[in-house]
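The values are calculated or read from the model by the stated rules, or taken from the named source; none is laboratory data. In this text the structure is predicted, and so the values were computed from the model without any measurement. Note: accessible area is taken over every heavy atom of the protein model, side chains too, but ligands, DNA and RNA are not part of it. Shrake-Rupley method; radii C 1.70, N 1.55, O 1.52, S 1.80 Å.
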Amino acid sequence: MFAHSGEQTRIRSAAANSMLQRHSSVVLRLTERGFELTSEGETEPVICESWPRAKRVLKRLGVPDQKIDVISSQLSEGNEIVVRTRV
């Protein structure tokens with residue numbers, strides 16, 4: 001049985017949020033598989049196959065829309081964006 005899009009986003013968000021509880025930032029990168037969210041020391045990235053899915057996860061993590069727009073404009077394959085939750 002397959003999860004619907006909203007449920008998949010909640011699962012991705014929970015995994016990314018779990019990462020953020022252990023680390024103060026996540027790294028977002030564009031790869032051949034899609035968009036990956038990782039943190040130092042994590043073995044498995046959170047993978048979002050499309051930008052709309054990655055954007056929904058970032059929104060659920062509390063990233064403001066204007067920051068998401070900046071991230072979107074700067075993100076390219078091979079380029080990493082660090083998303084911090086605490087300074």
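Here are some notes:
- GNM top mover of Arg33, Arg56, Arg12 - the chain, alpha-carbon springs below 10 Å: Arg33
- Translational D in µm²/s for the chain (Stokes-Einstein at 25 °C, 0.890 mPa s, Kirkwood Rh from C-alpha pairs): 189 µm²/s
- Gained length - Ser73 relative to Ser18, 0.36 nm times residue gap less alpha-carbon distance: 17.2 nm
- Per residue, the chain exposes an accessible area of 65 Å² to a 1.4 Å probe, with every protein chain left in place.
- Computed 3J(HN,Hα) for region 24-39, one whole-Hz value per residue from the Karplus formula 6.51 cos²θ - 1.76 cosθ + 1.60 where θ = phi - 60°, is 8, 7, 10, 10, 9, 9, 9, 10, 4, 7, x, 9, 10, 10, 9, 9, glycine and proline marked x.
- Using a cutoff of 8 angstrom between alpha carbon atoms and counting only pairs six or more residues apart, the relative contact order for the chain works out to 34 percent.
- With all protein chains in place and ligands, DNA and RNA left out, the 1.4 Å accessible area ranks Thr9, Thr31 as Thr31, Thr9, largest first.
- With every protein chain in place, the chain: carbon and sulfur % of accessible area (1.4 Å): 49 percent
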